[in-house]
1. For the stretch 42-57: of the residues being within 19 Å of ALA71 (Cβ to Cβ) and in contact with a Pro (Cβ under 6 Å, 6 or more places away or on another chain), which is surrounded by the fewest Cβ atoms within 10 Å (Cβ to Cβ)?
2. For residues that are over 17 Å from PHE190 (Cβ atoms) and surrounded by 21 or more Cβ atoms within 10 Å (Cβ to Cβ), scanning just the stretch 80-130, find the one that is farthest from the chain's Cα centre (by Cα).
3. Please go through the stretch 65-76 and give me each residue that is surrounded by 24 or more Cβ atoms within 10 Å (Cβ to Cβ) and either closer than 12 Å to SER106 by Cβ or in contact (Cβ under 8 Å) with a residue 60 or more places away in the chain (or both), ordered by number.
4. Condition check: outside any loop (DSSP other than H, G, I, E, B), aliphatic (A, V, I, L, M) and surrounded by 24 or more Cβ atoms within 10 Å (Cβ to Cβ). Does ALA340 satisfy that?
5. Which of the residues belonging to the stretch 399-442 are touching a residue at least 60 places away in the same chain (Cβ under 8 Å), surrounded by 24 or more Cβ atoms within 10 Å (Cβ to Cβ) and not aliphatic (A, V, I, L, M)?
6. Among the residues of the stretch 316-324, are any closer than 23 Å to LEU179 by Cβ and surrounded by fewer than 21 Cβ atoms within 10 Å (Cβ to Cβ)?
7. Please pick out the residue among ILE234, ILE202 that is surrounded by 18 or more Cβ atoms within 10 Å (Cβ to Cβ) and under 26 Å from LEU141 (Cα atoms).
8. If you check GLY158, GLY148, GLY231, which single one turns out to be at positive phi and modelled with pLDDT under 95?
Amino acid sequence: MPTASPAATPAALAPLVARRSERLSGRVRVPGDKSISHRSLLIGLLTVGATEIEGLLEGEDVLATARACAALGAAVERLGPGRWRVRGVGVGSLLEPDQVLDFGNSGTGVRLAMGVVAGHPVEAVFDGDQSLRRRPMRRVLEPLARMGAAIIEAAPDGRLPVRLKGAEDAIPIVFESPLPSAQVKSAVLFCGLAAPGETTVIEVEATRDHTERMLAYFGAELAITPHGEHGKRITLKGRPELRPRPIAVPADPSSAAFPLVAALIVPGSDLILESVLANPLRTGLLHTLKQMGAGIEEIDRREQGGEPVVDLHVRASKLRGVEVPAARAPSMIDEYPVLAIAAAFAEGETMMRGLSELRVKESDRLAAIAAGLAANGVEHEVSGDDLVVRGGAGRVQGGGTVMTHMDHRIAMAFLVMGLASDQPVAVDDASLIATSFPGFTELMRGLGADIG
């Protein structure tokens with residue numbers, strides 16, 4: 001078996017500066033949804049036959065998952081920009097990898113792949129960069145151990161690198177998630193594919209449901225019923241024969257959030273974002289921005305590959321502060337950095353509640369957001385897991401340099417701030433943006449943004 005190697009030395013920093021810009025305008029499609037891209041590859045691995053994927057996000061995170069699928073036995077082929085083919089081996093037929101599965105910065109990729117491996121009698125070493133090595137894995141590993149997987153080696157507190165031996169015969173369980181996490185839920189369901197009988201996941205707060213939608217699209221049997229006021233009970237029948245089907249990956253709403261908020265805060269802007277995923281468990285930011293007075297019009301709602309999509313017409317708007325309840329967090333957990341930017345330009349206070357999950361993202365995002373706001377003269381307060389931003393009614397001082405802590409969303413959010421602030425805003429390192437949004441700078445410049 002391969003041994004884990006030391007985490008890669010960070011590359012040289014790549015600073016960027018964003019300056020006050022004229023109106024943003026145009027019609028663009030941001031890259032494919034990251035969550036669906038990861039799942040497309042992994043379900044393709046577990047399908048017997050060829051899965052054709054259109055619109056795959058070709059960011060570093062997703063490419064790491066593609067390499068892992070190949071190491072586990074799939075034939076993974078790039079056919080053209082965003083067009084990929086995965087010839088899978090089927091549930092129960094993974095090959096044991098002869099190399100470390102290195103997921104770089106991708107928490108989604110590594111956690112979902114752990115679930116896939118845990119259901120098969122193979123052994124694999126999972127690793128990543130310095131940022132990923134700091135992220136908690138115990139909450140994924142514990143339910144997988146209940147299902148028969150063995151954690152042979154792990155860094156302190158269950159962190160990477162992790163050597164995982166999958167179950168000889170996976171055990172179906174009933175798992176009630178203590179925290180809302182689509183990644184943990186998906187890992188348990190992926191492991192449950194290889195288990196006889198039924199595997200059940202109970203969520204107190206419903207999280208994004210791309211795994212359930214895609215498994216059903218490929219022929220798995222699932223029963224989904226309400227649980228409590230906001231939750232779900234998901235039961236999966238194990239050992240299905242997944243059937244190859246084409247997948248069209250919609251545009252990522254978490255990536256669309258950056259040009260969307262930029263258009264709202266840069267005066268005179270008028271922008272259309274095409275084919276954005278409109279899954280109701282991913283639209284928390286849209287709902288919040290509309291409450292704030294954002295001029296966002298939904299055009300041509302339709303279905304694409306089992307998921308709803310829509311075009312968004314966005315116009316510059318005067319925003320007002322609102323209270324964002326904790327129950328909305330699962331539907332917009334990746335969008336809080338850029339929501340904080342919108343709140344900085346709004347009139348009045350925006351209260352964002354229940355942000356504990358932000359503390360265990362690529363960085364401590366709550367601390368990173370607060371530090372970035374402070375560096376640019378924005379009044380704010382962190383109280384426990386709540387963030388209050390006191391907006392400047394269209395004016396933000398800017399002029400600061402933001403430490404990104406190897407977090408792509410912090411980098412993009414504060415570059416968006418700089419497009420409308422009085423003084424330029426710098427980020428210390430924009431290199432990690434490519435993990436989720438390759439071509440971000442070029443796309444924004446094409447709309448009229450002054451970033452360089």
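1. Among those that are within 19 Å of ALA71 (Cβ to Cβ) and in contact with a Pro (Cβ under 6 Å, 6 or more places away or on another chain), it is ALA50.
2. VAL125
3. Those that are surrounded by 24 or more Cβ atoms within 10 Å (Cβ to Cβ) and either closer than 12 Å to SER106 by Cβ or in contact (Cβ under 8 Å) with a residue 60 or more places away in the chain (or both): THR65, ALA66, ALA68.
4. Values: outside any loop (DSSP other than H, G, I, E, B): yes; aliphatic (A, V, I, L, M): yes; surrounded by 24 or more Cβ atoms within 10 Å (Cβ to Cβ): yes.
Criteria met by ALA340.
5. Hits for the stretch 399-442 are ASP407, HIS408, ARG409, PHE414, GLY418, SER421, THR435, SER436, PHE437, PHE440.
6. First pass over the stretch 316-324, keeping only residues closer than 23 Å to LEU179 by Cβ: 323-324.
With surrounded by fewer than 21 Cβ atoms within 10 Å (Cβ to Cβ) added as a condition, the list becomes 323.
Looking through the stretch 316-324, at least one residue is closer than 23 Å to LEU179 by Cβ and surrounded by fewer than 21 Cβ atoms within 10 Å (Cβ to Cβ).
7. Values: ILE202 fails: surrounded by 18 or more Cβ atoms within 10 Å (Cβ to Cβ).
Of the residues listed, the single one that is surrounded by 18 or more Cβ atoms within 10 Å (Cβ to Cβ) and under 26 Å from LEU141 (Cα atoms) is ILE234.
8. Numbers: GLY148 fails: modelled with pLDDT under 95; GLY231 fails: at positive phi.
Within the list GLY158, GLY148, GLY231, the selection yields GLY158.
The values are calculated or read from the model by the stated rules, or taken from the named source; none is laboratory data. Quick caveat: nothing in here was measured; it's all calculated off a predicted structure. Positions of Cβ are generated from backbone atoms using ideal geometry, with glycine treated the same way; all protein chains shown enter the neighbour counts.
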